[in-house]
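Colleague: Pasting in a structure now, in structure tokens, and then I'll have a few things to ask.
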Amino acid sequence: PGKGPLALRVALETGAGFDLTEAGTQKRLAVYVVGAPQEVPGVARLGPDPLADDFDQRRLAELLAGERRQLKGALRDQSLIAGVGNAYSDEILHAARMSPFKLAASLSEEETGRLYAALRDTLTEAVERSRGVAAGRLKAEKKSGLRVHGRTGEPCPVCGDTVREVSFADSSLQYCPTCQTGGKPLADRRMSRLLK
């Protein structure tokens with residue numbers, strides 16, 4: 001379709017149809033016509049649904065036990081746990097009072113319990129907030145419920161400290177130093193290079 005956001009136009013025999021658009025510069029959209037969702041490669045490799053009835057604290061502990069990555073990266077890995085992206089991983093870690101850089105495999109039982117509760121509560125609340133909201137308003141609704149993600153420079157709603165950011169090549173994370181890192185700002189390599 002060219003350089004515009006239109007990626008696919010579907011016209012049905014009934015005369016109805018829809019346009020599928022993709023904003024941004026990294027065109028990654030894929031469309032599949034399948035008999036079952038598991039036939040889509042990305043769906044087939046999804047990890048467990050963290051809101052499923054059988055997803056308990058023990059299951060979370062098992063998933064994180066062998067993870068040598070930081071919590072932020074582990075939570076965002078769709079093949080480990082489905083449905084937690086950049087924004088909600090920030091929110092979950094803030095609610096759990098954990099550093100995004102903490103190693104996933106190093107959690108104590110008490111920390112795993114806090115993370116599990118934050119994971120379930122944050123996602124359940126997000127689902128409830130979005131229930132019945134028109135598709136065009138979902139992004140605004142999501143943002144209105146976020147405490148730290150996308151709020152760099154604003155006061156933390158829990159303690160009042162300033163929400164900070166760490167930037168990466170293709171994303172960023174937001175956190176509260178007081179609530180999550182014992183008052184210590186995390187290193188932002190991008191900013192550190194600029195200050196030299």
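The values are calculated or read from the model by the stated rules, or taken from the named source; none is laboratory data. Model, not experiment: these values are computed from the prediction. Neighbour counts are summed over all protein chains in view; Cβ atoms, including those assigned to glycine, are modelled from backbone coordinates with ideal geometry. Surface accessibility is based on the protein's heavy atoms, side chains included, excluding ligands, DNA and RNA. Shrake-Rupley method; radii C 1.70, N 1.55, O 1.52, S 1.80 Å.
Colleague: Only sites in a loop by DSSP and with at most 16 other Cβ atoms within 10 Å count here; which trypsin sites (Lys or Arg not before Pro) in the stretch 107-137 make the cut?
Modeller: Taking the stretch 107-137 and a limit of 16 other Cβ atoms within 10 Å, the loop trypsin sites (Lys or Arg not before Pro) found are R131.
Colleague: Please work out the Cα center distance from the stretch 23-65 to the stretch 131-153, rounded to the nearest Å.
Modeller: What the calculation gives is 22 Å, centre to centre.
Colleague: Using Cα-Cα distances under 8 Å and only pairs 6 or more residues apart, what relative contact order does the chain have, in percent?
Modeller: Value for the chain: 15 percent.
Colleague: How far apart, in nm, are the 7 Å Cα→Cβ label points at L51 and V158?
Modeller: Simple spin-label model gives 2.2 nm for this pair.
Colleague: Right, something else. Return one number: the angle in degrees, 0 to 90 and rounded to the nearest 10, between the long axis of the Cα atoms of helix 86-96 and the longest principal axis of the Cα atoms of the chain.
Modeller: Result, in degrees: 30.
Colleague: Given that just one value was derived from the coordinates, which of (i) -0.73, -0.85, -0.98, -1.51; (ii) -0.84, -0.96, -1.07, -1.45; (iii) -0.64, -0.74, -0.86, -1.41 is log10 I(q)/I(0) by the Debye sum over Cα atoms at q = 0.13, 0.14, 0.15, 0.19 Å⁻¹?
Modeller: Structure-derived value, by its label: (ii).
Colleague: Now a separate question. For the pair R9/R129, report the inter-label distance in nm, with labels modelled 7 Å from Cα in the Cβ direction.
Modeller: Rounded to a tenth, the inter-label distance reads 3.6 nm.
Colleague: If you count only protein heavy atoms with a 1.4 Å probe, what accessible area per residue comes out for the stretch 6-195, rounded to a whole Å²?
Modeller: The answer is 60 Å² per residue.
Colleague: At a 1.4 Å probe, what is the % contribution of carbon and sulfur to the accessible area of the chain?
Modeller: It is 53 percent, rounded to a whole number.
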